[in-house]
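What follows is a single structure, written as structure tokens, with notes after it.
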Amino acid sequence: MNLSLRQAVWLCLSLSLCALLAVPGTAQGLGGEARLTLAVFVLATCAWIAAPVDDTHVALGAGLALTATGVISADTLFGTLGDATIWLLICAFVLAAAVTRTGLAGRAAAFLVSGARTVRQLVHLTTAALVVTAFAVPATSGRAALALPVFLALAKTLSERRRLVVMLALLFPTVVLLSAVATLIGAGAHLITVSLLLERTGERIGFVEWLVLGLPLAVVSSHLAAETVLLTTTRRADRREPVRITVAHLQEHCPTAVSGPLTTEETRCLTLLGTVVALWCSEPLHGVSPAVVALIGAVVASSPMLGTVRLKDGLGAVPWPMLLFMAATTAMGVALVDSGAADWLVGGLPAGVPAWAFLAVVVVVGTVAHLVLQSRSARSSVLVPLVMAAAVGAGVNPVAAALASTAAAGFCQTLPASAKPVALFAEPPDGVPGFTPRQLLRLSAVLAPLSAALVLCFALAVWPLLGVPVLPETQP
């Protein structure tokens, strides 16, 4: 196998670090299990960065290595697949398949976007519609695929105004990525963070708790990003010229009806989706787990009489490799914490760092980490255990630190290859113009610091009012 220079450098670096860990006398205070864990993490991280191997294979191999060496038990490795959050995501994908099949997304987009009379209205109504999809479709790649037909319809309607089309091509993936923090099922990284927090601190963050913390950030960051995209990619003359998008224009480019009475399938699906979301949001009242609610919804959505999708098709829409990746990386995070490797890695950090400065570093690292690790789940599995361990040493609430790191990692649109939604809209189908890497980089240069500052503001000023204090001693 021929290695590129980049791959050879990362391979040499990882092997050198592993060899250093194997030398007796180095890394004082690091036990045998912690050494093994660090070696596996170094190899896995370098493979995620540079190796031409599927991320899931790397994660499964790392999990197997940790199990075979006795760092974690087989029950720990396989138990992550049976976690309630994994079941929540599986059932959410089945529900999303039912929603996609009915064409409700096209109706919702037409209802919102057709009311726009100015470019700014179009941008913010589109943003609002994309934020709402976080409740119906899990994972950013699924939401991007659902939104693509709507974008194509808008692009063809506005084909004579190229700068507006390019602006929308940047807007869609940007909002999809930043609004994922609204819900627990918005990204697999959220489920990894919740599982690691439960393992480390014993504190469980459910669907409602995440919604309370994440939805305000998602709304503010999405509309801030929308305004940034608008101002950096269009001219004043573009924004002054009115737009007129009618339902008829959208219908020309949408395969399903976007107006008129709801069909029987659409009515059933809309009722089911509304019921599931309402039960998720009212969990403190009835006490039923969100995973159980999602399972009930998935069973109904795929039932012969009431459903809109066959169970086989619904399960076929589930990205099983991603779920295996999440389970394996969660087990890796547990190993990093339980073996003491995470505590050792952050043991040399200076003491007495102000909480705001510590959280600022966490947010900055989370924001730029996508330049090294493209997978958001991989970033969480590597960063969150370290962030929690460092937070304990710095006297900062580990829950606040982990949430800030995970929210900051939602920014991953510097390069077309940084995230699947970005790549999807960089080169849209049907000859619709996308955006260039230079345009994306120019947007990222402005949006990255704004996004990081906003997450830090929420961690320091907003989340404490919602029950997540910065300092553990201030908890009631």
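The values are calculated or read from the model by the stated rules, or taken from the named source; none is laboratory data. Computed from a predicted model, the values in this text were never measured in an experiment. Using ideal geometry, Cβ is built from the backbone for each residue, glycine included, and neighbour counts are taken over all protein chains shown. To get the accessible areas, we keep the full protein, side chains included, count just its heavy atoms, and leave off ligands, DNA and RNA. Shrake-Rupley method; radii C 1.70, N 1.55, O 1.52, S 1.80 Å.
Okay, here's what the table says:
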{"read-out": "Count - residues of region 300-331 that are at pLDDT 80 or above, exposed (fewer than 15 other Cβ atoms within 10 Å of the Cβ) and not basic (Lys, Arg)", "value": "6"}
{"read-out": "Unique residue being more than 23 Å from Glu227 (Cα to Cα), at pLDDT below 85 and either assigned to a helix (DSSP H, G or I) or open to solvent by less than 30 Å² (accessible area, probe 1.4 Å) (or both) when the list is Arg143, Arg107", "value": "Arg107"}
{"read-out": "Trp48 being open to solvent by 50 Å² or more (accessible area, probe 1.4 Å), in contact (Cβ under 8 Å) with a residue 40 or more places away in the chain, farther than 24 Å from Asp238 by Cα and within 22 Å of the chain's Cα centre (by Cα)", "value": "no"}
{"read-out": "Total residues in region 352-366, condition of a type outside the set (Gly, Ala, Ser) and crowded, with 24+ Cβ neighbours inside 10 Å", "value": "3"}
{"read-out": "Yes/no for Ser381 being open to solvent by less than 10 Å² (accessible area, probe 1.4 Å), closer than 21 Å to Leu456 by Cβ and under 16 Å from the mean Cα position of the chain (by Cα)", "value": "no"}
{"read-out": "Residue in region 53-104 that is surrounded by the most Cβ atoms within 10 Å (Cβ to Cβ), counting only those that are assigned to a helix (DSSP H, G or I) and of a type in the set (Asp, Glu)", "value": "Asp55"}
{"read-out": "Helices (runs of 4 or more DSSP H) contained entirely in region 183-262, each with at least 3 residues that are under 30 Å from the mean Cα position of the chain (by Cα) and either at pLDDT 85 or above or surrounded by 15 or more Cβ atoms within 10 Å (Cβ to Cβ) (or both)", "value": "188-201, 207-233"}
{"read-out": "Matching residues, region 113-138, being open to solvent by less than 10 Å² (accessible area, probe 1.4 Å) and part of a loop (DSSP other than H, G, I, E, B)", "value": "Ala116, Val137, Pro138"}
{"read-out": "Subset of region 386-408 (residues that are outside any helix (DSSP H, G or I) and either aliphatic (A, V, I, L, M) or surrounded by 24 or more Cβ atoms within 10 Å (Cβ to Cβ) (or both))", "value": "Val396, Asn397"}
{"read-out": "Test for Val392: is it under 16 Å from Leu471 (Cα atoms) and either at pLDDT below 85 or among the charged types (D, E, K, R) (or both)", "value": "yes"}
{"read-out": "Check on Arg120, at pLDDT 85 or above and of a type outside the set (Phe, Trp, Tyr)", "value": "yes"}
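For every residue, the table says whether it meets (1) touching a helix residue (DSSP H, G or I) at 6+ places or on another chain (Cβ under 7 Å); (2) in contact (Cβ under 8 Å) with a residue 40 or more places away in the chain; (3) within 21 Å of Arg235 (Cα to Cα).
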position: Glu160; (1), (2), (3): no, no, yes
position: Val166; (1), (2), (3): yes, yes, yes
position: Leu170; (1), (2), (3): yes, yes, yes
position: Thr174; (1), (2), (3): yes, yes, yes
position: Leu178; (1), (2), (3): yes, yes, no
position: Val181; (1), (2), (3): yes, yes, no
position: Leu184; (1), (2), (3): yes, yes, no
position: Ile192; (1), (2), (3): yes, yes, no
position: Arg200; (1), (2), (3): yes, yes, no
